[in-house]
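The structure appears below as structure tokens.
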Amino acid sequence: MVLKRDVVLAIGSYLLLMALAVKFSLMDGLGKDESAHLAASGWMYARRLVMVFFACVLPLLCGRSGIAVYGWRVTPRWLAIAAGTGIVIGFGNPGGFDPMSAVAVVLAAFHTFATELYFRAYLITTFARRCKGFWAPIMLSAIMYGMSYLTVYNIWFHQWPYFKVVAVALFTVLGIIFGYSYRKSQSFPVPWAMHFFGVLKYRMLL
């Protein structure tokens, strides 16, 4: 892969996001409320708005057409696959959002929209222009996604020393699943829906 301007901006934006997260989430402690999914956490909104900004603006700086190329049409078949897969993930998710709270559901939609727009739509689309093959962009994005969880407060400060390794591996695998669904469907709403349904804690309904 030749490092062209769009790839340099993508990697640079990721490194900047990581640096900001280390500073505000971990060093300043703002990540504690973010990890608890509190609506009052200003850092939770700021972090995700930066992701949306990068995904929308950086392609324009490279002469691309922006978010229009991310794919916004979705078929009923893919929507069903996304919802079904997400619900299965959600039943095994111990740290997601309360599905019985309207505020939490809205926050979940915002969180997953920003995350998928940046890590799947923007990064995979950017890497796909420079990487050969189907899997390379997916794997690059998934690894970056998994590593980003080292800046999540309750993961970094977890008492079990190996929890960081487990978390990075787990979210990398999830990144592969979301990335595969995006490249295969060529539709951004697919990984967004899959991720959204996957962050709701359905066991609270039982």
Handout entry: Residues H37, H111, H195 arranged by fewest to most Cβ contacts within 10 Å
Key = H37, H111, H195
Exercise for the section: Take each of the peptides 159-166, 144-151, average the number of other beta-carbon atoms within 10 Å over its residues, and list them starting from the highest. Expected result: 144-151, 159-166
Fill in the blank from the handout: Ranked on Cβ counts within 10 Å of their own Cβ, fewest leading, D33, D6 go D33, D6
Fill in the blank from the handout: Only helices counted: for the chain, with every DSSP H run of 4 or more residues adding -39500 (n - 2.57) and the sum spread over all residues, [θ] at 222 nm is -20000 deg cm²/dmol
Completion exercise
Inverse of <1/r> over all distinct C-alpha pairs of the range 5-205, i.e. the Kirkwood Rh in Å, gives 17.1 Å
Handout entry: Span-like helix ranges in the chain, DSSP H, alpha carbon extent 18 angstrom or more, Kyte mean at least 1.0
Key = 5-21, 42-61, 76-91, 102-116, 135-148, 163-185
Problem - Over 23 Å (Cα to Cα) - which of K164/K184; K4/K164; K32/K164; K23/K201; K132/K184 fall in this group - result: K164/K184; K4/K164; K23/K201
Problem - Under Karplus coefficients 6.51, -1.76 and 1.60, residue-wise ³J(HN,Hα) of the range 64-74 in Hz, glycine/proline x - result: 8, 8, x, 5, 4, 8, 6, x, 10, 8, 9
Problem - Ranked list, fewest to most other Cβ atoms within 10 Å of each Cβ, for R48, R77 - result: R77, R48
Fill in the blank from the handout: Spelling it out for F97: with amide H atoms placed in the peptide plane at 1.01 Å from N, the residues 5 or more places away or on another chain with amide H under 5 Å from its amide H are L200, K201
Practice task
Mind putting a number on the dipole of the chain about its Cα centre? Charges go on the C-beta only, +1 for Lys and Arg and -1 for Asp and Glu, and I need it in Debye to the nearest 20.
Solution key: 680 debye
Completion exercise
Of every Cα-Cα pair in the range 78-173, the percentage lying beyond 17 Å is 63 percent
Problem - Ranked by how many other beta carbons lie within 10 Å on average, peptides 69-75, 152-158 from highest - result: 152-158, 69-75
Handout entry: Stokes-Einstein D (µm²/s) once Rh is taken as the Kirkwood radius of the range 1-83 over alpha-carbon pairs, at 20 °C in 1.002 mPa s
Key = 141 µm²/s
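Where a number appears in this text, it was derived from the coordinates with a stated rule and is not lab data. Since the model is a prediction, treat every value here as computed from it, not as a measurement. Virtual Cβ from ideal backbone geometry, glycine too; neighbours counted across all protein chains shown.
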